[in-house]
Structure formats: structure tokens, C-alpha cells
Amino acid sequence: MGLFTNIRRALTASKFQRKDLKIIEAIPTERFATIVFQFKDEGWELTDAPGDLDVSRDSWQGKLRKGTSTLTCNWNNDDEGEIVGLTRIIEGIGKDFNLKVQSTPSR
């Protein structure tokens, strides 16, 4: 690993800790879509997205917002889905959908 990679990872880890964020990575496509649509059904607003999740594309990203809470959702064919947000929300998603919650991104 190079110096810049180490610096970037340290800065990312610091940001996640400072802002009380967690991440779930490598969410299978079907489960990722279920999570996104369930949150929309529960009143979360989908913003910054080119439309609803469409797995026929190579990638998709958007944000789910409700009040002051925001979940950043990314999906692509290679890495599948990832969701970043406040610890309390992400840990709830991890528990409800049996997914591994991480303190920082793995890459």
C-alpha cells in the first residue's frame, strides 16, 4: 500500500468516526433493492438519483432522506450495493437484513 492510500484511508476512518457513520458493503442486488424500496415505502425521499433503482444499468446511486437523516446508497454490477449512514440506522438495517456492518469502507 502506498503512502497516499494510507492517508486516504486514515482520513476516511476519521470522517466516519467524527460523523458517527457506518457502512454496509457487498449487499446482494436483490436485497439492496428491497432495502431501498422498503425505505421509500416508509416515507424516505429518494434524492440525487437519476430515477428509481434499475439493475439493467451498470451503476446507480442516490440518497434516501427523512428529516435530518440521510443514507447514501450506491450500487454497481461489480461491487453490488453499499449503504452509508448514521450508526443507529445502519446497525438497524444490518440487524433487520442480516448484513455485516463495518466502521469504515474496506477499500
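The values are calculated or read from the model by the stated rules, or taken from the named source; none is laboratory data. The shown structure was predicted, so the numbers you read here are calculated from the model rather than taken from an experiment. Because the Cβ atoms are built from the backbone with ideal geometry, glycine has one as well, and the counts that use them run over all protein chains shown. When the accessible area is computed, the model is the full protein with side chains, heavy atoms only, and any ligands, DNA or RNA have been set aside. Shrake-Rupley method; radii C 1.70, N 1.55, O 1.52, S 1.80 Å.
With a cut-off of at most 15 other beta carbons within 10 Å, and DSSP calling the residue loop, which GluC sites (Glu not before Pro) in segment 1-104 qualify? Please list them. Show your work: numbers first, answer last.
Numbers: sites: 25, 30, 42, 45, 80, 82, 91; in loops: 42.
Filter output for segment 1-104: 42.
For every helix of n ≥ 4 consecutive DSSP H residues, a contribution of -39,500 (n - 2.57) applies; sum these over the chain, divide by its total residues, and give [θ] at 222 nm rounded to the nearest 500 deg cm²/dmol.
Values: 3 runs with 40 residues, N = 107.
Only helices count here, giving -12000 deg cm²/dmol.
Hey, can you find the accessible area per residue of the chain for me, probe 1.4 Å, expressed in square angstrom? Write out the running numbers ahead of the final one.
On the way: 6660 Å² over 107 residues.
Per residue, the chain has an accessible area of 62 Å².
Extension gain residue 17-residue 103, at 0.36 nm per residue separation less the Cα-Cα distance, in nm? Don't skip to the answer; put the middle values down first.
Details: separation 86, 0.36 × 86 = 30.96 nm, distance 0.78 nm.
Roughly 30.2 nm would be gained on extension.
Could you tell me which of 49, 32, 103 has its Cα farthest along the dipole of the chain towards the positive end, charges placed at Cβ (Lys, Arg +1; Asp, Glu -1), taken about the Cα centre?
Result: 103, furthest along the dipole toward the positive end.
Angle between the Cα long axis of helix 3-18 and the longest principal axis of the chain, 0 to 90 degrees, nearest 10?
60
Provide the gained length on full extension for the span residue 9 to residue 40, in nm with one decimal, where the gain is 0.36 nm per separating residue minus the Cα-Cα distance. Don't jump to the answer; show the numbers that get you there.
Values: separation 31, 0.36 × 31 = 11.16 nm, distance 3.16 nm.
Gain on extension, residue 9 to residue 40, equals 8.0 nm.
Loop only per DSSP, at most 12 neighbouring Cβ atoms within 10 Å: give me the trypsin sites (Lys or Arg not before Pro) in segment 49-96, ordered by residue number. All intermediate terms of the calculation are to be shown ahead of the outcome.
Numbers: sites: 57, 63, 65, 66, 88, 95; in loops: 57.
Hits after loop and neighbour filter: 57.
Which residue fluctuates the most in the chain, going by a Gaussian network model with Cα springs under 10 Å, if the choices are 93, 83, 23?
Evaluated over the chain, the most mobile residue of the options is 93.
How much length is gained if the chain between residue 96 and residue 47 is pulled fully straight, taking 0.36 nm per residue apart and subtracting their Cα-Cα distance, in nm to one decimal? Walk me through the numbers before you get to the answer.
Working: separation 49, 0.36 × 49 = 17.64 nm, distance 2.34 nm.
Contour length minus Cα-Cα distance gives 15.3 nm.
In debye to the nearest 20, how big a dipole does segment 2-58 give about its Cα centre with +1 on each Lys and Arg Cβ and -1 on each Asp and Glu Cβ?
Working: 9 positive and 10 negative charges, 123 e Å.
Value, rounded to 20: 600 debye.
With charges set only on the Cβ (+1 for Lys and Arg, -1 for Asp and Glu), what does the dipole of segment 33-106 come to about its Cα centre, in debye to the nearest 20?
Working: 8 positive and 13 negative charges, 71 e Å.
Here the size comes out at about 340 debye.
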